[in-house]
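Everything on this sheet refers to the single structure shown next.
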């Protein structure tokens, strides 16, 4: 199928560009996904799936026309190209002046690991989580694998191929004391093979399972969160959920150009504390948002967005970059061949600072300590956000006091960035799937321990 696409690409691109346009592209994808799941002490039948197809895109007058098919033949590809261009073309566009092929570097390939080992991973996580406490009543363990092969052939003469490998591993637990229920969750993963787990497949399994169970049991003991305004310390363990949601989306150039970002028109201005530098980087090896090339064939790169509090750049794909006469930053991503590429984050993080994380906590007389964030919502137009706290504690006299439940963080992204007065020299990563315009893509996010002078804590008291 890939060969069919490549052999016919010159004719398809000629037809596609016959009516004019700034850019034409053929995107081929072949993705294989496997999922292994344990629930109620038993392993369900593994889920396997394969998705193969082609998307064809024409950018003309800075507007996008798009078509796709899973029936890969010369006639189907040409028919899509004719429909998009509305004009017949003759001859063929020359391709291959630029050729690049890459892959995710892995040590233990997914296909080299036996089904027995994969089942053993699930069983061990289940046993560790259940043995943590008598209060653990339910455990669900999920191990996902993905191999994604893409090829981009465009009207610039480029042929780009990339082979991407990802693994994710998660443990969800439910604790109950007979009166109350509380959920615990922990996950890990990235653009890696089975080297994600150590040589004996033990340490990371035990950590994820134990942390999930611990979080559920702590939740049973938690007190209802108070409501009000508090100083908030967010641990590096929380990952970068806040920076991703409350800030990252607003720095995507498509939203900026549509004037639906609070950061529109603020390039070169101060948007955060001078302690804050925010980076999006697709080249963080092993992290969940790691890519060699984006889904438009642009090499991944490290893009500084905010530097010492100053807004210095946005994330771009080819279309948003064309509109401003700039180069793409390698942030053109899509869920699969059925979707157009849009501006998306890869690995987004706050750079580590110089403060001692222990001192940040010790210097906070009263406040909230956040260890794990849950889901949230952000309004990119004004920057307002709401986030769930999965694991949090009250701070009293510089020390962690009692755990809280039913808590949310409410604030404004730009104001929160300006109110950060301490940035630790540590950093913690988390994995996730980011949704935007109906598309989900794998991302990583991270942050050091930070302190925000004031946020609203939504509670039940």
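Readers should treat all values here as calculations from the given coordinates under stated rules, not as data from a laboratory. All figures in this text were calculated on a predicted structure; none of them were measured in a lab. Please note: Cβ atoms are built from the backbone with ideal geometry, for glycine as well, and neighbour counts cover all protein chains shown.
Can you give me the relative contact order of segment 269-328 as a percent, contacts being Cα pairs under 8 Å and 6 or more apart?
Values: 93 pairs, mean separation 21.5, N = 60.
Across segment 269-328, relative contact order equals 36 percent.
Sum -39500 (n - 2.57) across every DSSP H segment of at least 4 residues in the chain, then divide by the residue count to get the 222 nm mean residue ellipticity, nearest 500. Mind showing how you got there, number by number?
Working: 8 runs with 88 residues, N = 461.
It comes out at -6000 deg cm²/dmol, rounded to the nearest 500.
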Efficiency of FRET between residue 45 and residue 304 - r from beta-carbon atoms, R0 45 angstrom, step 0.05
0.45
Helix 74-85 versus the longest principal axis of the chain: what angle, 0 to 90°, nearest 10, using Cα atoms?
80
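Can you tell me the relative contact order of segment 224-458? Whole percent, Cα pairs under 8 Å, sequence separation 6 or more.
On the way: 665 pairs, mean separation 73.8, N = 235.
Answer for segment 224-458 is 31 percent.
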Per the chain, sqrt(5λ) over the Cα gyration tensor eigenvalues, sorted largest first, in Å, gives 41, 29, 17
Can you tell me the FRET efficiency between residue 382 and residue 433 if r is taken as the Cβ-Cβ distance and R0 is 22 Å, rounded to the nearest 0.05?
0.30
Need one word for segment 157-309: rounded, prolate or oblate. Basis is the Cα gyration tensor (sqrt eigenvalues a ≥ b ≥ c); a/c below 1.5 gives rounded, then a/b vs b/c decides.
oblate
Can you tell me how much longer the chain between residue 410 and residue 425 gets when fully stretched, taken as 0.36 nm per residue apart minus their C-alpha distance, in nm with one decimal?
2.8 nm
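Got the relative contact order for segment 185-264 handy, in percent, Cα pairs under 8 Å and 6 or more residues apart? Intermediate values should be presented prior to the final figure.
On the way: 30 pairs, mean separation 14.4, N = 80.
Value for segment 185-264: 18 percent.
Quote the FRET efficiency, to the nearest 0.05, computed for residue 123 versus residue 366 with a Förster distance R0 of 41 Å and r equal to the Cβ-Cβ distance.
Plugging the Cβ-Cβ distance into 1/(1 + (r/R0)^6) gives 0.40.
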Nitroxide proxy distance, nm - points 7 Å out along Cα→Cβ at residue 179 and residue 1:
5.6
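Between residue 223 and residue 63, what length in nm is gained on full extension when 0.36 nm per residue of separation is reduced by their alpha carbon distance? Before the final figure, lay out the partial values.
Values: separation 160, 0.36 × 160 = 57.60 nm, distance 5.33 nm.
Taking 0.36 nm per residue and subtracting the Cα distance, the gain is 52.3 nm.
Among bridges DSSP assigns within the chain, what percent are antiparallel (round to 5)? All intermediate terms of the calculation are to be shown ahead of the outcome.
Values: 117 of 134 bridges.
Once the DSSP bridges in the chain are tallied, antiparallel ones form about 85 percent.
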Need one number: nm distance between label points at residue 144 and residue 75, each 7 Å from Cα along Cα→Cβ, rounded to one decimal.
3.8
For peptides 431-439, 167-175, 300-308, sequence by mean Cβ density within 10 Å, most packed first
167-175, 300-308, 431-439
